[in-house]
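Visitor: I have a structure here, written as C-alpha cells, and I will follow up with some questions on it.
The values are calculated or read from the model by the stated rules, or taken from the named source; none is laboratory data. From a predicted model like this one, the values you see are computed outputs, not experimental measurements. Methodologically, a virtual Cβ is constructed for each residue, glycine included, from the backbone with ideal geometry; neighbour enumeration extends over all protein chains shown.
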Amino acid sequence: MEVVYPRLSFDLDRDVFVVWLRWVSLERPPSPEAPPSQGIRVELQLNRNAVLGPTIAYRRELEPAPRLYRVPRSRCAEVLRVAARRGVLDVQLIIHGSIANAPYAALYHVRDDDAELTEMPGTPLLQVQPSTPGDRWHVAGQANLRVQLELVERKRLRVLA
C-alpha cells in the first residue's frame, strides 16, 4: 500500500498563498467590554516554519469587511525551495479567537494575484472555523494538509547581441 497525497504545483514567480479572515459576531448586542481589542490570531506554517504570523487581526479591522493577508513571497519561496528537495509539504493554518465570535480563516493558493481583491472566488485549499471552545473565553482551531510539492521553474533565456 502507498499513501498518495494531492499534488501542489507552485510557481515561485507568480503564485502566492493568501489567508482570508472573517469576523462574525454572535453577540446581540456586541460586547461592550473592550471590543476594539478583541480579535483573531492567525498563523500559517509550511513544514513547521512560520511564513505568516502569528499576527492578530482586530475586530475593528474585520467588522467592516473580511481581510486578506498575503504571505511574503521571499519567506515562502525560501521554505518551499527546501521542501521541494523532499517533494513533500505540510501546510498548517492555525487560528485563535474569542467565543463571542465565529472566527473563520481560509487559505488560498492564488496565481497572478490582484492585490485589490477583498473577496476570494473559489474553494479554499484549507479552512478553519472552530466550534468548540478551547476554554471558557477562547476558541482555537487548526487545519493541516500534506501535499506533494512541485515547483514550477521558469527558464530565462538571455539574448546576446
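Visitor: So Glu150 clears everything in (1) modelled with pLDDT of 90 or more; (2) among the charged types (D, E, K, R); (3) assigned to a loop (DSSP other than H, G, I, E, B) except one condition, right? Which one?
Guide: Answer for Glu150: the failing condition is (3).
Visitor: Which pairs turn up if I take residues in segment 83-105 that are farther than 21 Å from Asp11 by Cα and among the aromatic types (Phe, Trp, Tyr) and look for partners that are modelled with pLDDT under 95 and in a loop (DSSP other than H, G, I, E, B) with beta carbon separation below 7 Å, at least 6 apart in sequence or on another chain?
Guide: Listed pairs, sorted by first residue: Tyr104/Val24; Tyr104/Gln129.
Visitor: Please find, within segment 14-42, the residue that is modelled with the lowest pLDDT out of those that are in a loop (DSSP other than H, G, I, E, B) and either closer than 20 Å to Leu68 by Cβ or touching a Gly at 6+ places or on another chain (Cβ under 9 Å) (or both).
Guide: Val24
Here's the yes/no breakdown for (1) under 20 Å from Thr55 (Cα atoms); (2) at pLDDT 80 or above:
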{"residue": "Ala84", "(1), (2)": "no, yes"}
{"residue": "Leu89", "(1), (2)": "no, yes"}
{"residue": "Gly97", "(1), (2)": "yes, no"}
{"residue": "Ala100", "(1), (2)": "yes, no"}
{"residue": "Val110", "(1), (2)": "no, yes"}
{"residue": "Thr132", "(1), (2)": "no, no"}
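Visitor: Does Tyr104 fit the bill of being touching a strand residue (DSSP E or B) at 6+ places or on another chain (Cβ under 6 Å), closer than 18 Å to Gln142 by Cα, modelled with pLDDT of 85 or more and aromatic (Phe, Trp, Tyr)?
Guide: Judged against the criteria, Tyr104 is not a match.
Visitor: Which of the residues that make up segment 47-69 are closer than 15 Å to Val91 by Cα and among the basic types (Lys, Arg)?
Guide: Residue satisfying the conditions is Arg48 alone.
Visitor: Report yes if Arg48 is surrounded by fewer than 17 Cβ atoms within 10 Å (Cβ to Cβ), at pLDDT 95 or above, over 14 Å from Phe10 (Cβ atoms) and touching a strand residue (DSSP E or B) at 6+ places or on another chain (Cβ under 8 Å), otherwise no.
Guide: The answer is yes for Arg48.
Visitor: Go through segment 1-16 and count every residue that is out of contact with any helix residue (DSSP H, G or I) (no Cβ under 9 Å at 6 or more places or on another chain), surrounded by 13 or more Cβ atoms within 10 Å (Cβ to Cβ) and not charged (D, E, K, R).
Guide: Count: 3.
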